[in-house]
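The values are calculated or read from the model by the stated rules, or taken from the named source; none is laboratory data. Source: prediction; values computed, not measured. A quick note on method: Cβ atoms are made from the backbone with ideal geometry, for glycine too, and the neighbour counts reach across all protein chains shown. To get the accessible areas, we keep the full protein, side chains included, count just its heavy atoms, and leave off ligands, DNA and RNA. Shrake-Rupley method; radii C 1.70, N 1.55, O 1.52, S 1.80 Å.
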Amino acid sequence: MRISQHKLVAENGEAAVSFVNSPNQSGVITPAYLIIHYTAGGSAQSSINWFQNPGANASAHLVIGLDGKITQMVPFNKKAYHAGVSSWAGLSGLNSYSIGIELDNPGKLKRVGNKWVSWFGVEYPESKVIIAKHKNQDTESGWHIFTPVQIEACIKASLAIYSHYKLKDILGHDDIAPGRKEDPGPAFPMASFKSRVKGRQEDHAAMFKTTGEGVRFRTGPGLNYDAAGKLKKGVTVEFIDNVMDWFHVKLAQPVAGISEPEGWVHSSLLGRV
Ligand SMILES: [Zn+2]
């Protein structure tokens, strides 16, 4: 994908990007950050409809569906209304400094009996839900998964945006408004997403540290692969590549009990060094 006149354009072989203008925009901006959100809605179309309503006073530059379909609603050099009250690195009101991507996702889910239910009352099957603790919260909750095609579309769009506008960083809404917002939440593979999008701009190896005790060091990318051993908190590993949110890594130093230096760790258990 590439950017032309502040709009995202698909290259040959890529699915077309639709443009549906939102009235909820103003002023010219010079973006420095990319902000990732989820819509907390029932479908991409319902979010697109909402962002076309002047009374909503809300919008985003892009909306990406579970099927990977991308809709742009505000040109990238115009202010969209996605961040609200927010601050980061000495800046406040991040709408003036950022490009916002909304991923269609119902968000945090509640356990009701043996069902998972969204805030708007729709039930979701177990297969669409991960149970995880939000980095800003103390207890585990259910979170609706993002689909692989949705994440891939988000990566492709973000690669084009990040390099075209020479952005400084990628953040979650929960980074810039931590007391108020929990999107995109723990189901979004932020660490691997950042590595994929920012990786091309960095020529040194990406180093990570384990963020918990007893992190499984597996023989492949998934829970069904054996654990070759466990890593203590604070072990440094070098990123090799990834399959979605599973990182293929190399131990920076030998670790007792682990014979092979390479293995797989879930990216939610790793933090940037
Ligand atoms: Zn948000």
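Filtered by the rule that a residue be open to solvent by 40 Å² or more (accessible area, probe 1.4 Å), out of contact with any Gly (no Cβ under 7 Å at 6 or more places or on another chain), part of a strand (DSSP E or B) and closer than 13 Å to GLU260 by Cβ, region 216-249 gives ALA227, ILE240.
Residues in region 93-122 that are outside any strand (DSSP E or B) and either open to solvent by less than 60 Å² (accessible area, probe 1.4 Å) or not hydroxyl-bearing (Ser, Thr, Tyr) (or both): how many?
Within region 93-122, the first condition is being outside any strand (DSSP E or B), and the residues that meet it are 93-97, 104-107, 113-114, 118-122.
Still in the list and also either open to solvent by less than 60 Å² (accessible area, probe 1.4 Å) or not hydroxyl-bearing (Ser, Thr, Tyr) (or both): 93-96, 104-107, 113-114, 118-122.
Number satisfying all stated conditions: 15.
Among the residues here, ASN114 does not qualify as outside the structural domain of HIS61 (by TED's automatic domain parsing) and closer than 18 Å to LYS181 by Cβ.
Per-residue answers, yes or no, for (1) within 16 Å of the ligand (Cβ to nearest atom); (2) at pLDDT 95 or above; (3) aromatic (Phe, Trp, Tyr):
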{"residue": "HIS144", "(1), (2), (3)": "yes, yes, no"}
{"residue": "THR147", "(1), (2), (3)": "no, no, no"}
{"residue": "ALA160", "(1), (2), (3)": "no, yes, no"}
{"residue": "TYR165", "(1), (2), (3)": "no, yes, yes"}
{"residue": "GLY172", "(1), (2), (3)": "yes, yes, no"}
{"residue": "ASP175", "(1), (2), (3)": "yes, yes, no"}
{"residue": "GLY179", "(1), (2), (3)": "yes, no, no"}
{"residue": "GLU182", "(1), (2), (3)": "yes, yes, no"}
{"residue": "MET190", "(1), (2), (3)": "yes, no, no"}
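Just one of the listed residues (SER4, SER47, SER26) is open to solvent by less than 40 Å² (accessible area, probe 1.4 Å) and of a type in the set (S, T, N, Q), namely SER47. Which condition number does ALA89 fail, the rest of (1) within 12 Å of the ligand (Cβ to nearest atom); (2) of a type in the set (A, V, I, L, M, F, W, C); (3) on the phi > 0 side of the Ramachandran plot being met? So the condition that ALA89 fails would be (1).
The residue pairs whose first member lies in region 11-39 and is acidic (Asp, Glu), whose second member is in a loop (DSSP other than H, G, I, E, B) and more than 16 Å from the ligand (Cβ to nearest atom), and whose beta carbons are closer than 9 Å, counting only pairs six or more residues apart or on different chains, are GLU11/MET1; GLU14/MET1.
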